[in-house]
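Asker: Pasting a structure below so you can have a look.
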Amino acid sequence: MILEVKDLRVSYKSRTKYVDALKKVSWAVKQGEILGIVGESGSGKSTLALSILNLLPSDSKSSGEIIFKDKNIFKGQEKESEILRGSKIGLIFQDPASTFNPVLTINYQFQEILQSKLNIKSKPERKKIIFDCLNKSRVRESQRILKSYPHQLSGGQLQRVAIAMAIALRPSVLIADEPTSSLDVTIESQVVHLFKELRDELKLTIIFITHNLDLVKSLCDRVAVLYQGELREIRKKKELFANPKDDYTRSLLDSFSQLEG
């Protein structure tokens, strides 16, 4: 397994007491697998992503282990976490606009991240990587996109560029936190297809966090179901959709079936 979460518990301060966001959650994902993390709002999905990247708020309480390539990375030193973020474990945000500085061109930001994270000082080498990653992310009109500021691009274009920037750092694991929620249905489908292509081409491990069961059904190999901070079940996609064992999973899939009908 490339990444394992063991007995992860996270609590946030609420006035006079701490409230559990995750309750001893454990799961693992193997290299090249796409694992879907599903659950309604408040189930702990985003807290899970923040925990893996050591980005939890300073006033939170947490315990457990997160094992990446046989090393416990949970609550590591900040310098170590900065190296890990992006270059080892990438993150695609829910809102693509939040990835970018609004007053800098896409090209400047792409160049900067390659220089700071990978220490690539050669401008021709950086340019080659940028165009290669934009091509892999199916970004059209690359020259125009690079000259643009974030507000001049559509949500779909920004998300593709964000994916290109993420894979440019050559991560082993890519966490996609509700990456299509701000996109229309057509672009959403294209982005999901892109994740499949990148997994196959780059041998990426992808953790796909979403509340959209339709996307999970078309994209993921296995599915983990979260409810109120608890892992209710984790199984192969076909098995889970065909025969859910947990009552909450069953009700979730029943609602999904009614929507499909």
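Asker: List the residue pairs whose Cβ atoms are under 6 Å apart, where the first residue sits in region 37-55 and is farther than 15 Å from residue 224 by Cα, the second is at pLDDT 90 or above and not in a strand (DSSP E or B), and the two are 6 or more positions apart or on different chains.
Answerer: That search, which allows pairs on different chains as well, returns 50/56.
Asker: Please go through region 82-91 and pick out each residue that is buried (at least 18 other Cβ atoms within 10 Å of the Cβ) and touching a helix residue (DSSP H, G or I) at 6+ places or on another chain (Cβ under 6 Å).
Answerer: Residues satisfying the conditions are 86, 90.
Asker: Separate question: Of the residues that make up region 64-75, is at least one aromatic (Phe, Trp, Tyr) and in contact with an Asp or Glu (Cβ under 6 Å, 6 or more places away or on another chain)?
Answerer: There is at least one residue in region 64-75 that is aromatic (Phe, Trp, Tyr) and in contact with an Asp or Glu (Cβ under 6 Å, 6 or more places away or on another chain).
Asker: Taking region 23-55 on its own, how many of its residues are surrounded by fewer than 18 Cβ atoms within 10 Å (Cβ to Cβ), in a strand (DSSP E or B) and within 16 Å of the chain's Cα centre (by Cα)?
Answerer: 1
Asker: Could you list, in sequence order, the residues of region 106-131 that are of a type in the set (S, T, N, Q), touching a Leu at 6+ places or on another chain (Cβ under 7 Å) and in a loop (DSSP other than H, G, I, E, B)?
Answerer: Here is the first cut: in region 106-131, the ones of a type in the set (S, T, N, Q) are 107, 109, 111, 115-116, 119, 122.
If we keep only those that are touching a Leu at 6+ places or on another chain (Cβ under 7 Å) too, we end up with 107.
Residues satisfying the conditions do not exist here.
Asker: Any idea which of (1) buried (at least 17 other Cβ atoms within 10 Å of the Cβ); (2) under 18 Å from the mean Cα position of the chain (by Cα) is the one residue 230 doesn't satisfy?
Answerer: For residue 230, the exception is condition (2).
The values are calculated or read from the model by the stated rules, or taken from the named source; none is laboratory data. Source: prediction; values computed, not measured. Cβ coordinates were reconstructed from backbone atoms using ideal geometry, including for glycine residues, and neighbour counts include every protein chain displayed.
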